[in-house]
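Values quoted throughout were computed directly from the atomic coordinates according to the rules given, and no laboratory measurement underlies them. Predicted model, so just to flag it, every value in this text is computed and none were measured. So basically every Cβ, Gly included, is an ideal-geometry build from the backbone, and we count neighbours across all protein chains shown.
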Amino acid sequence: MSAGLPGLVVLDLDGTVTPYSNSTDQPSERVRRAIAGVRAAGVPVTVATGRAVWGALRGVHALGLADGAPLDIVCSNGSVVYDVERAETTHRVLIDPGPAIRAVLAVNPAAGLAVEDGTDGYLYNGAFELNFESSFVGPADVPTLMSTPTPRLVCRIPGDEGYVSWHDGRRVEAAALAESAGLAGLGYSVEIGFSGWIDVAAGGVSKATGAAMVAADLGVDPADVVAVGDGNNDLPLFAWAGRAVAMGQAADRIRAAADEVTGTVEEDGVAQLLERWL
């Protein structure tokens, strides 16, 4: 990437523009100003998040990105690309969740299960705790979940906490469940999150595949893209983008994969990065 302005900035949400503990989705004023300043300089800014559309839109509005300008965002770890201005899904990759659900329950019959139901919210089984900010359509039995085509299946090991980064130890439990169930071998893309959380999507889908569509629509070469994130699901994005920037609080493996490391989310690391172009 040249020393000039980037062609596109792609931001993760949780742990990047706001801390995981921020239930309001409101970034700091410094981060908002930096994003607005970069956009005013002519640089498109979008988000690529593990959140479903309804959760991603909360973040987009909080960042001031939903101002009527054309904007495609990457949701559900790349399974969905959504046009904010037109309020419509422009790209979606669906899976048959049945084989994955069957495999997970064979290993852990107590697992919580949920599938994204369009852009409305999650359908979920009785073991799926509703202890995090999201949109929930309603409960469903396992046969219904298994027969619902979806961009993403979520499996959760039961626990008292919501989706919190400080409980990183439960990632080990989630990874063990995904491996024992053989999810990758069934052809799915698997992302292990915090708090005993497993995302299951179509094989080959990632934040990078979604961001590539957004960049192509804008006529931006990947070499001119700056991507910022803090999690495992940002690694494909880091490998694709011309410049990868990890948040200062990210795990060693994430920081090692980046071209540079900015400040932590609490230190407004996104603003520290963007302000160099203001």
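3J(HN,Hα) along the stretch 21-28: 7, 7, 7, 8, 6, 7, x, 5 Hz, from the Karplus curve 6.51 cos²θ - 1.76 cosθ + 1.60 with θ = phi - 60°, whole Hz, x for Gly and Pro. On a C-alpha basis, how far is the centre of the stretch 210-270 from the centre of the stretch 82-143 in Å? Whole number, if you could? The two parts, judged by their Cα centres, are 27 Å apart. Placing +1 on the Cβ of every Lys and Arg and -1 on the Cβ of every Asp and Glu, with nothing else charged, gives the chain a dipole about its Cα centre of roughly 220 debye.
Ranked by Cβ crowding within 10 angstrom, fewest neighbours first, how are Val115, Val137, Val93, Val10 ordered? Walk me through the intermediate numbers first.
Details: Val115 25, Val137 15, Val93 19, Val10 29.
Ascending number of Cβ neighbours within 10 Å: Val137, Val93, Val115, Val10.
Please compute the contact order of the stretch 6-107 in relative form: average sequence separation of alpha-carbon pairs under 8 Å and at least six residues apart, divided by the residue count, as a percent.
Working: 132 pairs, mean separation 21.9, N = 102.
About 21 percent, as a whole number.
Summing Lys, Arg as +1 and Asp, Glu as -1, what charge do residues with Cβ under 13 Å from the Cβ of Ala208 carry, Ala208 excluded?
Details: positive: Lys207; negative: Asp12, Glu191, Asp234.
Value of the local net charge: -2.
Give me the percent of Cα-Cα pairs in the stretch 1-71 that sit more than 14 Å apart, rounded to a whole number. So the portion of pairs separated by more than 14 Å is 59 percent. If you look at the Cα atoms of the chain, you get an Rg and a Dmax of 17.9, 54 Å.
Can you give the local net charge around Asp72? Use residues other than it whose beta-carbon is closer than 12 angstrom to its beta-carbon, Lys and Arg +1, Asp and Glu -1. If you can, show how the numbers build up before the last one.
Numbers: positive: Arg86; negative: Asp83, Glu85, Glu88, Asp217.
Counting the neighbours of Asp72, the net charge comes to -3.
Each 10 Å bin from zero holds the following percent of Cα-Cα pairs in the stretch 98-202: 16, 53, 30, 1. Applying the Karplus relation 6.51 cos²θ - 1.76 cosθ + 1.60 with θ = phi - 60° to the stretch 85-94 yields 3J(HN,Hα) values of 4, 8, 6, 8, 7, 9, 7, 8, 10, 9 Hz, where x marks Gly and Pro.
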